[in-house]
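Asker: Got a structure here, written out as structure tokens. Questions coming.
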Amino acid sequence: MIYELRNKLISIKVDSFGAEMHSLQRNNLEYIWQCGDAWKRYAPILFPFISSPKERRYLVNGKEYYMKANHGFARDMEFSMIRQTADELVFELTSNDDTIVQYPFKFVFQVYYKLLENGVDVKHKVLNTGTTPMYFYLGGHPAFNCPIDLEGTFNDYEVVYEKAENLKHQNGSEVENVVNGRKMFLSRALFDNDAIILGEPNSKSISLCSDKSIHSVTVEFPNSNAIAVWSPTGDNNASFVCLEPWTSLPIDYDNDEEELSKKEHATRLDVGKEYNYRYRITVK
């Protein structure tokens, strides 16, 4: 079911399936990619994994488990609507027979959308309701129209980091620096080797903008240990860029260790505790 919030400038739509935001508009201008043929998503939530372990298999206390899909299961499950106010939506997913088969931890996972004057706050809360510590990865994957106003071209845009970053990326056999100070200039070839992933960034925000447009998007990620930028390579119909705030580097960066509790970038949550993670999207 689709739920909607609106104020004088901003409106959002969120689907209870995946607790996924389908629309973010300012003055009726759409900023979210509208799930075209180039990518059948809008802004999926990545939980309990970011990416996938090798062959989607991993160990918990020596027992092997298999995750059915990339990026975990939250994006493909129905959430319950537990609260709706004039400016906030709250969704909840509780561990069940289907999740336990893939991921042997009991949890409550809540997603909050708070409407702002110029955008939306997104918060995630994980509660460990089991009897052992749980381990997970968590992140956002919002896709933004590029060009934002559907005028101009993809190559007119750049991604601007809050602070200068030393960010290198494998391009074929070459390792190249893809950030010029704070700016990363967009091109299809930039993503020939998939997402541009930065761990432990100096920045706490990232923007998509162009000197040929008055419109821009900024994602603030105050408690993220990784930020990714992605768009499909070689597809000119993929007129979007994903700015992805993550709790950490993804699980595939830890493939040498199969035991989940020993993976370097997994977040540990003790019994009865809760973990809060948030980011903010502002639009002009």
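Asker: Suppose the chain between residue 57 and residue 225 were pulled fully straight at 0.36 nm per residue; how much longer would it get relative to their current alpha carbon spacing? Before the final figure, lay out the partial values.
Answerer: Details: separation 168, 0.36 × 168 = 60.48 nm, distance 2.41 nm.
So the extension gain works out to 58.1 nm.
Asker: How far, in nm, would the chain grow between residue 236 and residue 94 when pulled straight, counting 0.36 nm per residue and subtracting the alpha carbon separation?
Answerer: Working: separation 142, 0.36 × 142 = 51.12 nm, distance 3.89 nm.
The span from residue 236 to residue 94 would gain 47.2 nm if fully extended.
Asker: Over segment 148-272, with a single point scatterer placed on each C-alpha, what log10 of the ratio I(q)/I(0) does the Debye formula yield at q = 0.17, 0.19 1/Å?
Answerer: Relative scattering, expressed as log10 I(q)/I(0), comes to -0.93, -1.11.
Asker: For the pair residue 189 and residue 2, how long in nm is the line joining their label points, each one 7 Å along Cα→Cβ?
Answerer: Calculated label separation equals 3.9 nm.
Asker: For the chain, report the convex hull volume of the alpha-carbon atoms normalised per residue, in Å³, without decimals.
Answerer: Taking only Cα atoms, the chain has a hull volume of 127 Å³ per residue.
Asker: Can you work out the PRE-style zone for residue 214? Point 7 Å along Cα to Cβ, and I want the residues of segment 20-53 with backbone N under 18 Å.
Answerer: 25-31
Asker: Where in segment 18-37 does the label zone of residue 9 land, with the point 7 angstrom along Cα→C-beta and an amide N cut-off under 20 Å?
Answerer: Answer for this model: 23-33.
Asker: So what is the calculated 222 nm ellipticity per residue for the chain, using -39500 (n - 2.57) for each DSSP H run with n of 4 or more, over all residues, to the nearest 500 deg cm²/dmol?
Answerer: Dividing the helical sum by the residues of the chain leaves -500 deg cm²/dmol.
Asker: List, largest first, the extents of the alpha carbons of segment 217-284 along their principal axes, each in whole Å.
Answerer: The Cα atoms of segment 217-284 stretch 44, 29, 15 Å along the principal axes, largest first.
Asker: Still on this structure, I have one more. Can you find, among 95, 227, 193, the residue farthest towards the positive end of the dipole of the chain? Put +1 on the C-beta of Lys and Arg, -1 on that of Asp and Glu.
Answerer: Of the candidates, 95 comes out farthest on the positive side.
Readers should treat all values here as calculations from the given coordinates under stated rules, not as data from a laboratory. A quick note: this is a predicted structure, and the numbers were derived from the prediction, not measured. As a convention, Cβ positions derive from the backbone with ideal geometry for all residues, glycine included, and neighbour counts pool all protein chains shown.
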